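A quick write-up on the structure given underneath.
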Amino acid sequence: METAGATPDVAVIGGGIVGTATAAFLAEGGLRVRLYEREAIASGASGRNSGIVQHPFDPVMASLYAATMTEYRRLAAATDGAFGLHDEPAGLLLVGRDPSAAGRMAAAWGEAWPATHPEIIEGPALARLEPALAPDLVACRLSIGFPVAPAAATERFASLARGLRVEIVTGGGVARPALAGDRVVGVERDGSIEPAGAVVVAAGPWTPGIVDSSAAWEPIRPSWGVVASVIVPDAPRHGLEASDIDIEPPAETPSAAASAVHDADRSDDAIDFSLVPASGSSALGSTFLPDEPDPAAWLDALRRVGGRYVPAVAYAPVLGLRCCARPVSRDGRPLVGAAPWTDGLWVAAGHGPWGISTGPGSARMLADSILGRLAGKGIPAALAVGRFGRPGLARG
């Protein structure tokens, strides 16, 4: 697709939740914006995730989550309710078979985030609350978790952006920042340069390769997740996760065991159980794989592991399978802000499995920084783009 119109003040590369929200916020601020997406809006993790907006434990991520919830409420108002979250969370059950571990988890959440109202539920009380669960489980219940159609927010931000006259360019070759010395001059695509005053790279796991084609800069890697849509009789109303699932910073990877397992080495040990309620079905996961998998090859393992927590999952009809690459940074937190080595280059990527939960908050922070609205606060050092080095000088 050919571009048209005036030279944009900012070009955004990436049509996921972060890119579309950033484009909309910049356009709200009065800038001319063009967004480039190689495939289609929400074609990656923003449209293929498990479908739940969730409160992280990590305080840095939790701050982005709080900002994201504000943006979602604004989005609902701006789209006349075409997008919206429920007023109250569905609740999240962290389920396992170790009562002492559940107690420690509840205590940690209660100390750090008392508004999540952690409580231990087991035995007959848990059976009454969620009859579909296996009978020997104990749960830590948290008042968090807003189920949402995976692509809904991204599509609404894209619609809002179009209404603000953002030009959305899909298809064609990979878009990259075009440089003149140490300054961005536009976007290079299909062998030509399309001028722009600044460039934001919000391309999820592909961001490092777009910023640095030599592949010397590697602060973000893809972590592939497989999700099955299943019809579970008397499906749980809460979101469910295994109590030992590990997706929080500052771990180098979301799951050390899973990161070493490739598609050819399928194992139940590579599955971290989650089940998210959705309209007419439930989203069953999760994997954290270093290479792009064949989703069908992982279905049996997903069902076996899921059946240990919700027995009906083992034989539940499958409506479909999907997979996506989550953009996981080295410390589990996104890179947000200006690239210190190139004038006019900005980055917003690396949200891992927290994209729809923290992406719009990151986008607002980035847009406010570009627009000069942070009023001296700046972007937190924990999110700094240069904290893992720079292209050519990146830390090993």
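The values are calculated or read from the model by the stated rules, or taken from the named source; none is laboratory data. This is a predicted model, so every value here is computed, not measured. Cβ: placed from backbone, ideal geometry, glycine included. Neighbour counts: every protein chain shown. These accessible areas exclude ligands, DNA and RNA; they are computed on the full protein's heavy atoms, side chains included. Shrake-Rupley method; radii C 1.70, N 1.55, O 1.52, S 1.80 Å.
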Of all strands (runs of 3 or more DSSP E) fully inside the stretch 142-224, the set with 2 or more residues that are β-branched (Val, Ile, Thr) is 167-170, 183-189, 198-201
Does Asp331 fit the bill of being of a type in the set (Asp, Glu), open to solvent by 10 Å² or more (accessible area, probe 1.4 Å) and farther than 27 Å from Pro195 by Cβ? yes
Determine whether the stretch 126-133 contains at least one residue that is open to solvent by 30 Å² or more (accessible area, probe 1.4 Å) and either modelled with pLDDT under 95 or of a type in the set (Asp, Glu) (or both). no
How many residues does the stretch 44-98 contain that are touching a helix residue (DSSP H, G or I) at 6+ places or on another chain (Cβ under 7 Å), touching a residue at least 60 places away in the same chain (Cβ under 8 Å), of a type outside the set (A, V, I, L, M) and in a loop (DSSP other than H, G, I, E, B)? 8
The residue that is farthest from Ala45 (Cα to Cα), considering only those in the stretch 343-396 that are surrounded by 23 or more Cβ atoms within 10 Å (Cβ to Cβ) and among the hydroxyl-bearing types (Ser, Thr, Tyr), is Ser362
Restricting attention to the stretch 123-157, the residues that are among the aromatic types (Phe, Trp, Tyr) and under 13 Å from Ile17 (Cβ atoms) number exactly 1
Of those in the stretch 39-59 that are within 18 Å of Ala175 (Cβ to Cβ) and buried (at least 20 other Cβ atoms within 10 Å of the Cβ), the residue farthest from the chain's Cα centre (by Cα) is Ile41
Which ones in the stretch 93-127 are under 14 Å from Ser143 (Cα atoms) and of a type in the set (S, T, N, Q)? Thr116
The stretch 143-190, residues that are within 25 Å of Ser214 (Cα to Cα), open to solvent by 60 Å² or more (accessible area, probe 1.4 Å) and not aliphatic (A, V, I, L, M): Arg176, Gly181, Asp182, Arg183, Glu188, Asp190
Look through the stretch 209-219, keep the residues that are in contact with a strand residue (DSSP E or B) (Cβ under 6 Å, 6 or more places away or on another chain) and open to solvent by 10 Å² or more (accessible area, probe 1.4 Å), and return whichever of them is farthest from Thr170 (Cα to Cα). Val211
Does any residue of the stretch 30-38 turn out to be part of a helix (DSSP H, G or I) and among the acidic types (Asp, Glu)? no
Filter the stretch 99-134 down to residues that are in contact with a Leu (Cβ under 8 Å, 6 or more places away or on another chain), closer than 18 Å to Phe146 by Cβ and either of a type in the set (S, T, N, Q) or not in a loop (DSSP other than H, G, I, E, B) (or both), then give me how many there are. 2
Which of (1) at pLDDT 80 or above; (2) part of a loop (DSSP other than H, G, I, E, B) does Ile247 not meet, given it meets every other one? (1)
From the list Ala296, Ala316, Ala325, exactly one residue is out of contact with any helix residue (DSSP H, G or I) (no Cβ under 9 Å at 6 or more places or on another chain) and not β-branched (Val, Ile, Thr). Which is it? Ala296
